[in-house]
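Here's the structure we're looking at; comments come further down.
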Amino acid sequence: MGGLPIRQVAFFVEDVRAAARAHHDAFGSGPFFVADNIPLARAVHRGVERELDHSSAYGQWGDVMVEFVAQNNPGPSPFRDLYPEGSGRWGMHHVAVFVDDVDAELARFAARGAACALRAEMTDGFVFAFADTTATMGLFTELYAPPKRWLISTPWSRRRLRTIGGLTRSRPSG
């Protein structure tokens, strides 16, 4: 697992826009891009296929991407694993690393005691996963296998974006 630099730090929040604005005000991060109701074709949480509706705000914080993520639907998820539904608790949730093969890295993490908490596939075929590193690190590790064309970007970078009050949000093409 060594040699995987952290590309992103992520916080589970109640409101992604409010969190992005507060972070920008405190640290000068951004600009932020907001993806509402991120479309997933499939999400398997701890071996059970479940619905997972979430929104995220992505921005740069120096050399590291920062993400603020909110779950829009009730029910179990890796977000609720760390911050139980109804608890009113929010905070740092995961770090993300780029890998060549998500499934191969999940197997390596599992062999070291960090089971797969989530494996999800977006409607465009993009796969991401969370290895449960909470016992050793206090947070999850997200695994991405970014396409070669990405520099420091997100799966939603191909969408047209529109600025709204210092933030941007995805807009359907057409």
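Laboratory data are not the source of any read-out in this text; all were calculated from the coordinates shown. On a predicted model such as this, the values are computed, not experimentally measured, just so you know. Because the Cβ atoms are built from the backbone with ideal geometry, glycine has one as well, and the counts that use them run over all protein chains shown.
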* To do: Compute the whole-percent fraction of alpha carbon pairs in region 50-146 spaced more than 19 Å apart.
  => 43
* **Prolate/oblate/rounded call for region 1-50, Cα gyration tensor, a/c under 1.5 rounded** => oblate
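Let's see if you can work this out: charge +1 on each Lys and Arg Cβ, -1 on each Asp and Glu Cβ, no other charges. What is the dipole magnitude of region 1-66 about its Cα centre, in debye to the nearest 20?
Charge dipole of region 1-66: 200 debye, to the nearest 20.
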* **Cα-Cα separations in region 1-91 greater than 17 Å, expressed as whole percent** => 53
